[in-house]
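Here is the structure we will look at.
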Amino acid sequence: MTRYTTCLHGLLSRLRAMFGLCAALLLSGCAVDMAFSTDSEPEIKANVRAMLMAQIADWNDGDIDGFMQSYWQDPTVTFASGGDVKRGWQRVLDQYRTRYPDRNAMGTLSVRELDVTLLTPEDAYLFGRWIVTANGQDFCGLFTLVVQEIEGRWVIIHDHSSTADGPTADGRSCSNIKAG
């Protein structure tokens, strides 16, 4: 038994040492990958916001194709809204073209209460309220966009947008939100 206990104790000691080394390597690797200079955070957020502002400008110009350039042109892109999920850039484009067949249907898009949160230097999410004024009516809702910097461009990889059915919990209508 003594020989077995000694062998087991030696094995456990080596396993603990290997586990400690692996944990240290993993943690240091994660720290390097996830850490980024706080000095770069404002610039990164400005670039993400610029992507969204260009997309809004394309919408307001009636340019669905330009608007869609902010989405990653990939079959893994997702758009979720109204209990439905569209997968793939082309399907998202087709949905927009069907729902907004002309400039009048598109109206004018604006956003409020925009928050950009960086997850890594190449990954972020945006959360805010959207407002579309079309044919004399205001429509609004919430959106969450997951964006990535891919090949030097910030692009949307996931869009989850909802439409408000009525006033917000604090009693604001789309028109109240639009007014600011």
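Rule-based calculations on the coordinates, nothing more; no lab input. Every value quoted in this text rests on a predicted model; they were computed, and no experiment measured them.
Observations on the structure shown:
- Rounded if a/c under 1.5, otherwise prolate or oblate - region 66-132, Cα gyration tensor axes: oblate
- The phi-based Karplus calculation (6.51 cos²θ - 1.76 cosθ + 1.60; θ = phi - 60°) puts the 3J(HN,Hα) values of region 134-141 at 9, 6, x, 10, 9, 10, 8, x Hz, whole numbers, x for Gly and Pro.
- In order along region 109-125, the Karplus-derived 3J(HN,Hα) couplings, from 6.51 cos²θ - 1.76 cosθ + 1.60 at θ = phi - 60°, round to 9, 9, 10, 9, 6, 6, 10, 10, 10, 7, 9, 8, x, 10, 9, 8, 10 Hz, and Gly and Pro are given as x.
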